[in-house]
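Engineer: Right, I'll just put the structure down here and ask away after.
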Amino acid sequence: MRPPELPQAPTLEMVGALAGVSRATVSRVVNGSPRVSEEVALAVRTAIVELGYVPNRAARSLASKQTHAIALVVPENMARLFGDLYLASIIGGIHGRLEETDYVLNLMVASARADGKTMRYLQGGNVDGAIVISHHTNDTFLSTLTQSLPVVFGGRPAVRVQGGHVVDVDNVAGSRTGTEHLVRRGCRRIATVTGPQTMPGGIDRLTGFLAALDEAGLKPGPVVEGDFTLRGGSDAMREVLRQDPDIDGVFVASDMMAAGAMTVLRSNHLAVPDDVAVVGFDDSEAALSTDVPLTTVRQPSETMGVTIASILIDVLNGVEGHPRLTLLPTELVVRSSA
């Protein structure tokens, strides 16, 4: 007896016939190309679901010399990566955008000790492109990455690179806005807990803070460096109070650090905002987790992630025209802490 014939697996041609489009159009939809109208893309996706079509990734990779994988490179320790709500929001935006395509995301936690291994993997044909977020001045291996791969940086690179695209927020303008709010509120002895001064975002937020005070004719209070963590904010706030226990305002360069700072203020019997007004930066979930809801500078972190992924997808699909730098706006969100 002859074995029963297996049903034919759905093909691109079958999807195209059902959707009323060409095989090439189906391929563009599967690969996330923006050069297809939403109406046509919907028809193709409906046909894919109806037929149960599954793209043959291996065959497509051999034919196109593409892996359909994107590396998300995060040069941070594991505690920062999984404990920072701001990073989580950016990664959520990146993942959500890639979910609309056939690309998969490979997470790489790239410590300074592993930069050689990271570069070998990235340059070994394992991914089509890379996204890099949260980088520092000692991440020198990034300086040559753009020579091997299409790269989009989340935030201005801390090292000099040639090529690539950058998606960032106006950190200087945002920190100015937050500091100016403290000045308008009547604060005159204003301190700051900065971000790491090895990161462009940390440097820029200090620059904006100092510029706002200079414009107001005020001398800055204590300037203490933090590390964008809860504990770092607590430690920095203790040092601020050691240097000047009579401050009446503090601009903190991240919501996570602001949450730690407010705990220290409370333990020192200083009421927020009656004794010390506090402004953070991010408008992450941490801003709503404090006992006193946090006034903060909102940066569109999830939108930033979506934008980063969209630009890289366009580059991988041959779409040109994106500027090298895409700068997203910030806005002040006023709550009870100031």
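Readers should treat all values here as calculations from the given coordinates under stated rules, not as data from a laboratory. Since this is a predicted model, take the numbers as computed values, not measurements. Quick reminder, even Gly has a Cβ in these numbers, built from the backbone with ideal geometry, and neighbours come from all protein chains shown.
Engineer: Considering only L18, V49, V29, whose Cα is most displaced toward the positive end of the charge dipole of segment 12-55, charges sitting on Cβ of Lys, Arg (+1) and Asp, Glu (-1)?
Structural biologist: V29
Engineer: Exactly which GluC sites (Glu not before Pro) in segment 234-321 are in a DSSP loop and have at most 15 other Cβ atoms within 10 Å?
Structural biologist: E320
Engineer: Taking amide H positions as placed in the peptide plane 1.01 Å from N, state which residues far from R335 in sequence (5 or more) or on other chains have amide H under 5 Å from it.
Structural biologist: Result for R335 returns T295, T296.
Engineer: What base-10 log of the normalised intensity I(q)/I(0) is obtained for the chain from the Debye formula, alpha carbons as equal point scatterers, at q = 0.08, 0.14, 0.16 Å⁻¹?
Structural biologist: Each listed q corresponds, in turn, to -0.47, -1.04, -1.22.
Engineer: Compute the long axis of helix 85-98 from its Cα atoms, compare it with the longest principal axis of the Cα atoms of the chain, and write down the angle in degrees, 0 to 90, nearest 10.
Structural biologist: The angle comes out near 20 degrees.
Engineer: Still on this model: Given 5 Å bins starting at zero, what is the percent of C-alpha pairs of segment 171-299 in each, up to the one with the largest pair distance?
Structural biologist: Result returned by the calculation: 2, 13, 25, 28, 21, 8, 1.
Engineer: Could you list the residues of segment 150-178 with an amide nitrogen less than 13 Å from a label point located 7 Å from the Cα of L218 in the Cα-to-C-beta direction?
Structural biologist: Answer for this model: 176-178.
Engineer: Also, quick follow-up: Explain nothing, just the number: relative contact order of the chain, from Cα pairs under 8 Å at least 6 residues apart, as a whole percent.
Structural biologist: 17
Engineer: Could you go through segment 276-282 in sequence order and give the Karplus-derived ³J(HN,Hα) for each residue, using 6.51 cos²θ - 1.76 cosθ + 1.60 with θ = phi - 60°, rounded to whole Hz, and x for Gly and Pro?
Structural biologist: 9, 8, 10, 10, x, 8, 2
Engineer: Roughly how far apart, in whole Å, are the Cα centres of segment 176-198 and segment 144-168?
Structural biologist: 30
Engineer: Can you give the convex hull volume per residue for the Cα atoms of segment 259-307, as a whole number of Å³? Please list the in-between numbers first.
Structural biologist: On the way: hull volume 2.9 nm³, N = 49.
Convex hull of Cα atoms, per residue: 60 Å³.
Engineer: Mean separation of Cα pairs under 8 Å and 6+ residues apart, divided by the residue count of segment 12-55: what relative contact order is that in percent?
Structural biologist: Working: 35 pairs, mean separation 18.8, N = 44.
Rounded, it is 43 percent for segment 12-55.
Engineer: Using amide H atoms built in the peptide plane, which far-off residues or other-chain residues are under 5 Å from A277 H to H?
Structural biologist: Under 5 Å from the amide H of A277: G249, V250.
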